[in-house]
Amino acid sequence: MIRWLVVFCLICPAAFGEVSVSDFGAVPDDGQDDTAAFRAAVQQGGVVRVPAGTYDLTLSGQTAVDCTRSVQLVGVCRDQSVLKAEEKLTAAGTMILFRPNARGKVRGLSLVGPKEIGEFGCNTLVHYGGPEGSLVVHDCLVSSAGTAVK
């Protein structure tokens with residue numbers, strides 16, 4: 001019985017409320033788009049770990065990370081775990097969005113929005129609230145040519 005529990009814990013960490021974006025294919029510092037991996041990780045809810053490195057997210061015309069469930073995005077520290085948008089938007093976009101009634105925490109991350117937004121708007125970190133919703137941001141750096149925190 002204990003052997004099965006150990007195997008289950010090693011195979012399925014999501015069942016216990018904690019995953020890493022690496023579990024879903026995000027690879028830091030490779031210059032490739034990690035948006036799909038972040039989306040899949042936050043859909044699990046719970047704690048989503050972001051290992052050290054720079055992760056590229058695509059915002060143009062979309063919300064990169066749409067948190068419809070309560071989730072904690074936890075990096076190593078804001079100098080080591082970086083989420084970076086493309087340099088210039090081709091359409092309006094949002095980096096991280098917490099939907100109404102989602103309880104969110106963002107800790108130990110740098111969120112770097114586009115340096116140039118031109119005619120397009122950008123929101124880097126957004127929380128819509130709602131009667132049950134909350135957002136806690138701790139030890140983060142948020143920078144963008146658009147609206148950084150809303």
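The values are calculated or read from the model by the stated rules, or taken from the named source; none is laboratory data. Since the model is a prediction, treat every value here as computed from it, not as a measurement. Protein only, heavy atoms only, side chains kept; ligands, DNA and RNA dropped before computing areas. Shrake-Rupley method; radii C 1.70, N 1.55, O 1.52, S 1.80 Å.
In the chain, carbon and sulfur make up what percent of the accessible area (probe 1.4 Å)?
On the way: 4240 of 7760 Å².
C and S fraction of accessible area: 55 percent.
Per residue, how much accessible surface does segment 5-150 expose to a 1.4 Å probe? Answer in Å², no decimals. Write out the running numbers ahead of the final one.
Values: 7070 Å² over 146 residues.
Accessible surface, normalised per residue, equals 48 Å².
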Compare ALA92, ALA26, ALA41 in a GNM of the chain, Cα atoms joined below 10 Å, and give the one with the largest fluctuation. ALA92
With angles folded into 0 to 90 degrees, how steeply does helix 2-11 sit against the dominant principal axis of the chain? Use alpha carbons for both and round to 10. 20 degrees
Going out from 0 in 10 Å bins, what whole percent of all Cα-Cα distances in the chain drops into each bin? 12, 42, 33, 9, 3, 1, 0
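If contacts are Cα pairs under 8 angstrom and at least 6 residues apart, what is the relative contact order of segment 57-110 in percent? Let's see the in-between values first.
Values: 104 pairs, mean separation 30.0, N = 54.
Relative contact order for segment 57-110 comes out at 56 percent.
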